[in-house]
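Below is one structure, written out as structure tokens; comments come after it.
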Amino acid sequence: MTGAPAVAGSRPVPFDEAVTRYQPVIGLETHVELGTAAKMFCGCPTVFGAEPNSAVCPVCLGLPGSLPVINRAAIEYTITIGLALNCSIASWCRFARKNYFYPDMPKNFQISQYDEPLCTDGWLDVEVGGQTVRVGIERVHLEEDTGKSLHVGGATGRIHGADYSLVDYNRAGIPLVEVVTKPIPGTGALAPAVARAYVTELRDLLRSLGVSDVRMEQGSLRCDVNTSLAPAGAAEWGTRTETKNVNSLRSVERAVRSEIERQAAVLDAGARVIQETRHFHEDSGTTTSGRSKEEAQDYRYFPEPDLVPIAPARDWVEELRAALPETPAEHRLAVWARLGWSVLPDDRQERDKIEAEMAAIVNAGALDLIDATVAAGATPEQARKWWMGELARKANESGVEPAELPITVEQVARVAALEASGALNDKLARQVLDGVLAGEGSPDEVVAARGLAIVTDAGVLAVAVDDAIAASPDIAAKIRAGKTAAAGALVGAVMRATGGQADAGAVRELILRRCTSPGEPA
Ligand SMILES: [Zn+2]
């Protein structure tokens, strides 16, 4: 080791302070398990959660004499991802052997790509705090996944302290795409949010392409976060660390944040940041040191001799390009236009308000639900009101996504229509939604079964209004003297008398009319 020693245990610098004195540079390496039916180099199925070692064969177990065969669908998916990320697609490239020993890798090497990746030099735009950050894509390459070790005994589930370990090779050989960004400088205090926004956007893009189920919690999307820090204004970037075990979008953000706070303390102490792998801990939101990072030469890469080079035909690449679906960004723009937000107001406050609501809708997973509810006949305001209000609350209470609620967009649109027509007020509409969610049938069936319609019978309302006036002569006198604001108390009394099933506006008008012209019939 040269230079000053790293200081262990020094207190992290608070984030807001750290980013005023230091500039972060981040980078992200994302592994995506492809959703092909078969593995990368054999015909074994790619199922999640199957009986351990039930989806294996001589090829993915690395038995002597077995030979790999490239899965064309995996190449197609990888090229599709590269095209969606605006990359150049290689006209000729090879797989490489990455040599290292690990028990969950039966061949003692991984077939990967090294200096000849399939896709290079692209970009992905992400939105953070109302601004667009263009994240450069260094490369998209294809490799095979490893098996999975399960360490039994011991407190942490890690190998240290375990009694024994079990290996499941079902995952070995599943096609794995690695998407590597270029370093992302200049984001300052936004660095953690940019990291999260990038992984979110990449996940949504991959989902829209149909190439992976992108489930972070199941490990089909895994993320390593690189962070470095240099003094503000410095010409050179700092030494980067690579944080592993980042298993949720929230953790991506927290991992960058905690590394910035930790590295600032190291640099403040006059020490140097060590280039290493670090582990992120969900519970504390901090990272701890792992192994020191291997250099490329440690892996003794060489071209894979058992596979022919890949030379995708230009026609094929162009066919895949032409078949690319609408990107999530394009999709959002189309939905905003349908919701009447294609042009935002010039007024800064109004615009900020709408942009905040747009972000909330996307984060709540309600974009397509609102869009479909509008298509089913609701106004954009009604669709937003229900999906971002009552239904978001119900989903939250039940711990499910809004889309998983047992209600259709047509039913939400019907409730909105009943309210707009005056047949339901807001309170009754909520009760109708309750009934639909409880499995009591369609909105109309719930209205009929629970007797939830607004009281429109003029005779019934007139009696309730006259009763309320008679019960509070002092308030009625105020109204007659011109203090119409006093009518509120009587409206409340009538609403109580009708079990909340009256239209408050109509009741108010009726009260004013009865007080000022008592002789007239209601
Ligand atoms: Zn196999």
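List pairs: first in segment 394-408 and at pLDDT below 90, second not in a helix (DSSP H, G or I), Cβ under 6 Å, 6+ apart or cross-chain?
E401/G365
Does segment 270-278 contain any residue that is free of Cβ contacts under 8 Å to residues at least 40 places away in the same chain, acidic (D, E) and under 20 Å from I184 (Cα atoms)?
Taking every residue of segment 270-278 in turn, at least one turns out to be free of Cβ contacts under 8 Å to residues at least 40 places away in the same chain, acidic (D, E) and under 20 Å from I184 (Cα atoms).
Could you list all residues from segment 445-474 that are open to solvent by 70 Å² or more (accessible area, probe 1.4 Å), part of a helix (DSSP H, G or I) and not aliphatic (A, V, I, L, M)? Talk me through it step by step, then tell me what you get.
Kept after step one, since they are open to solvent by 70 Å² or more (accessible area, probe 1.4 Å), are these residues of segment 445-474: 445, 448-450, 456-457, 460, 463, 467, 470-471, 473-474.
Adding the requirement that they be part of a helix (DSSP H, G or I) leaves 445, 448-450, 460, 463, 467, 470-471, 473-474.
Passing the criteria: E445, R450, D467, P473, D474.
I'd like the full set of residues that are within 14 Å of the ligand (Cβ to nearest atom) and either under 17 Å from G35 (Cβ atoms) or open to solvent by less than 70 Å² (accessible area, probe 1.4 Å) (or both), limited to segment 59-72.
V59, C60, L61, G62, S66, P68, I70, N71
Sort out which residues of segment 17-45 are within 18 Å of Y169 (Cβ to Cβ) and of a type in the set (F, W, Y), and write them in order of number.
The one that is within 18 Å of Y169 (Cβ to Cβ) and of a type in the set (F, W, Y): F41.
Considering each residue of segment 186-197, count those that are over 14 Å from V246 (Cα atoms) and either out of contact with any helix residue (DSSP H, G or I) (no Cβ under 8 Å at 6 or more places or on another chain) or not small (G, A, S) (or both), and give that number. Step through it out loud before you land on a result.
Step one: list which residues in segment 186-197 are over 14 Å from V246 (Cα atoms), which gives 186-191, 193-194, 197.
Those still in the list that are either out of contact with any helix residue (DSSP H, G or I) (no Cβ under 8 Å at 6 or more places or on another chain) or not small (G, A, S) (or both) too: 186-187, 190, 194, 197.
Adding up the residues that qualify gives 5.
Looking only at segment 210-226, how many residues end up being surrounded by fewer than 17 Cβ atoms within 10 Å (Cβ to Cβ) and in a helix (DSSP H, G or I)?
Applying the first criterion (surrounded by fewer than 17 Cβ atoms within 10 Å (Cβ to Cβ)) to segment 210-226 yields 210, 213, 215, 217-219.
Applying the additional criterion that residues be in a helix (DSSP H, G or I) yields 217-218.
So the answer is 2.
Taking L249 as the residue in question, decide whether it is at pLDDT 95 or above and either within 30 Å of V47 (Cα to Cα) or in contact with a Ser or Thr (Cβ under 7 Å, 6 or more places away or on another chain) (or both).
Judged against the criteria, L249 is not a match.
For segment 145-195, name all the residues that are touching an Asp or Glu at 6+ places or on another chain (Cβ under 8 Å), open to solvent by 60 Å² or more (accessible area, probe 1.4 Å) and part of a loop (DSSP other than H, G, I, E, B).
K182
Exposed (fewer than 14 other Cβ atoms within 10 Å of the Cβ), assigned to a helix (DSSP H, G or I) and not aliphatic (A, V, I, L, M): which single residue out of E330, E326 fits that description?
Among E330, E326, only E330 is exposed (fewer than 14 other Cβ atoms within 10 Å of the Cβ), assigned to a helix (DSSP H, G or I) and not aliphatic (A, V, I, L, M).
For segment 18-58, how many residues are open to solvent by less than 50 Å² (accessible area, probe 1.4 Å), within 13 Å of the ligand (Cβ to nearest atom) and touching a residue at least 40 places away in the same chain (Cβ under 8 Å)?
Residues meeting the conditions: 10.
The values are calculated or read from the model by the stated rules, or taken from the named source; none is laboratory data. Values in this document were obtained by computation on a predicted structure and should not be read as measured data. Cβ coordinates were reconstructed from backbone atoms using ideal geometry, including for glycine residues, and neighbour counts include every protein chain displayed. Just so you know, the surface numbers come from the protein's heavy atoms only, side chains and all, with ligands and any DNA or RNA stripped out. Shrake-Rupley method; radii C 1.70, N 1.55, O 1.52, S 1.80 Å.
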